[in-house]
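Written below as structure tokens is the structure these notes are about.
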Amino acid sequence: MKLNKSLFVATALFGAMLTSCSDSGYWDEASSNELGNGATYSFNSVNLSYEYAAEESLNGKDVEIVVTRGTTQGEVTLPISAVFSDEEAMSGPESITFANGSNTAAYPIHFSKELVPGQKLMARLVIDPEELGFEAEEPDTMLLKKKTEADSLKYEADSIAYQTYLNKLKNYKLTTTVTFSKVLTWSEIGKCIFVDYNFSSEGASAEDVTILHADGTNMYRIVTPFQAIYSDDPDEGFDTDTGFTFYLEDDLSISFDEEIGTIGYPDYTFQYVWGVGDFAAYASYCSVTRQNNIYDVRCLRLRNSANLYTGHFAFMWTEGWPGNQQ
């Protein structure tokens, strides 16, 4: 459920766009000398966010992103560059067409599979700015690796130029980042006996700890187990306890994202993490042993986002365990 980190790095640009005459008002102001030939196109916002209910279906549907131009005269085709965080889930055309008599056109983002609740998908759209006088190459990271003074100065200059270019794209709304998400709806699904082996070598436990299920997913959450064991009073126990989130697979095994949960006192916190992503090098320290409805978890603990320790907890799923239904 991770996003493609290259989404914000990729900024592929493309051929020249057609121009049109400017109307009055905002468009005259936008068509400054800096904009060159006076063509004025923009998205309505540099950031758009769409949130859907878990039961809503997006598979096979289009979400239209509006582009506005500064005239209603003539039919004009405008190239659009698009980068998607999940190209298997989303796609879009390479251009849109303004009809004669209209100052708006829609860019359709097509969904070819369902958006999973709790997941975020993103799209970055760019109107080609080259004809408007906005040009800048991304800084060459190889210049940093060469580490000469001249290379360093060039990288710094290119970085400043590129950031200025990106700011111009945003100022004139020639780019937009669109975020899609579905709301997670949590329902109580059962109870467990939770046992902590980190702060009690013999194992400290609490009964009737709540387990939640995110509707429409295989995501589950054990609710504040450490506060259940050690009390939610900061003087006696943990004042931070986000609970532990896991995924239940078809074979009743469980898996984790990189971040499992967080606990802590006011002066320090432990982030429980799994051996994937940034912690893939420590995967050998992470394992789950299951015996029927009992899960024994070995993981990692990151103290104050710095020092890494091993982690150990277990839980017996006493009520609502899906294995009882198979």
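Overview of results
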read-out	value
Residue 183, sole failed condition from (1) open to solvent by less than 50 Å² (accessible area, probe 1.4 Å); (2) under 20 Å from the mean Cα position of the chain (by Cα); (3) not polar (S, T, N, Q)	(1)
Selection status of residue 233, without any contact (Cβ under 8 Å) to a residue 24 or more places away in the chain, crowded, with 18+ Cβ neighbours inside 10 Å and out of contact with any His (no Cβ under 9 Å at 6 or more places or on another chain)	no
Residues within region 283-318 that are farther than 18 Å from residue 243 by Cα and among the charged types (D, E, K, R), tallied	1
Among residues of region 151-181, those that are touching a residue at least 60 places away in the same chain (Cβ under 8 Å) and in contact with a Lys or Arg (Cβ under 9 Å, 6 or more places away or on another chain), counted	8
Test: residue 121 is closer than 30 Å to residue 253 by Cβ, open to solvent by 30 Å² or more (accessible area, probe 1.4 Å) and of a type in the set (A, V, I, L, M)	no
Residue list for region 95-110, filter: over 16 Å from residue 71 (Cα atoms) and without any contact (Cβ under 8 Å) to a residue 60 or more places away in the chain	95, 107, 108, 110
Test: residue in region 279-288 that is closer than 24 Å to residue 201 by Cα, assigned to a helix (DSSP H, G or I), free of Cβ contacts under 8 Å to residues at least 60 places away in the same chain and touching a strand residue (DSSP E or B) at 6+ places or on another chain (Cβ under 8 Å)	yes
Residue check for residue 304: crowded, with 16+ Cβ neighbours inside 10 Å and either of a type outside the set (D, E, K, R) or touching a Phe, Trp or Tyr at 6+ places or on another chain (Cβ under 8 Å) (or both)	no
Exclusive hit being out of contact with any Gly (no Cβ under 7 Å at 6 or more places or on another chain) and either modelled with pLDDT under 90 or exposed (fewer than 13 other Cβ atoms within 10 Å of the Cβ) (or both), set 228, 161	161
Hits in region 91-104 (condition: at pLDDT below 95 and open to solvent by less than 40 Å² (accessible area, probe 1.4 Å))	96, 98, 102
Subset of region 194-252 (residues that are touching a helix residue (DSSP H, G or I) at 6+ places or on another chain (Cβ under 9 Å), in a loop (DSSP other than H, G, I, E, B) and within 26 Å of residue 52 (Cα to Cα))	243
Test result for residue 211, open to solvent by 20 Å² or more (accessible area, probe 1.4 Å) and in contact with a strand residue (DSSP E or B) (Cβ under 9 Å, 6 or more places away or on another chain)	no
Evaluation of residue 122 against (1) within 19 Å of residue 175 (Cβ to Cβ); (2) over 20 Å from the mean Cα position of the chain (by Cα); (3) not polar (S, T, N, Q) (one fails), failing number	(2)
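The values are calculated or read from the model by the stated rules, or taken from the named source; none is laboratory data. In this text the structure is predicted, and so the values were computed from the model without any measurement. Methodologically, a virtual Cβ is constructed for each residue, glycine included, from the backbone with ideal geometry; neighbour enumeration extends over all protein chains shown. Just the protein is used for accessible areas: all its heavy atoms, side chains included, with ligands, DNA and RNA removed. Shrake-Rupley method; radii C 1.70, N 1.55, O 1.52, S 1.80 Å.
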